[in-house]
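Only the coordinates and a few stated rules stand behind these numbers; no lab work does. A quick note: this is a predicted structure, and the numbers were derived from the prediction, not measured. Counting neighbours? That spans all protein chains shown, and the Cβs are built from the backbone with ideal geometry, glycine included.
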Amino acid sequence: MADRLQTVRDCYRAYETGDRELVEGLLSPEYEFFSPPDPGIDRDRYFERCWPNSQAIGRFEYVRLAEVGDEVLVTYQATRADGTSFRNTEIFGFHGDLIGRTEVYFGWDITS
C-alpha cells in the first residue's frame, strides 16, 4: 500500500509546481470532489473548476497532516502568488492507493 501522507503531499506539490500530470496520476477514475460551491463533482469537472487555481498558488504550509483511519486530514495555510494567504482544511479518502474523494472546508483569509 502506498504512503497516503506522501500521496497527499504530492498532490499539493503538483499545485505548487503546476504539474497537472502528477495530480492526474494521484486521482482515481471515480474521484469525487466536495466543497460548498461544488457538492460532489466528478474528476473531469474537478479539473475544469479547480485545477486553474493552481496558477494562483505559491506554496502550502501544513498546520495539520495526519492519517485518521482510512483518510488523511490536512489543514494548511496557502500563500497565493500575489502574497495573500488563506487557510483550508481538507479530508482525503482513498480508493486503493489513489485519492478517491476530497472534502474541502474553507473560508479563512489570513491578513497577517
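Highlighted here are the strands (runs of 3 or more DSSP E) found entirely within the chain that include at least 1 residues which are without any contact (Cβ under 8 Å) to a residue 24 or more places away in the chain and surrounded by fewer than 14 Cβ atoms within 10 Å (Cβ to Cβ): 27-35, 38-42, 57-68, 98-110. Kindly indicate whether any position in region 66-73 is within 18 Å of Arg101 (Cβ to Cβ), touching a Gly at 6+ places or on another chain (Cβ under 8 Å) and not polar (S, T, N, Q). Among the residues of region 66-73, at least one is within 18 Å of Arg101 (Cβ to Cβ), touching a Gly at 6+ places or on another chain (Cβ under 8 Å) and not polar (S, T, N, Q), which makes the answer yes.
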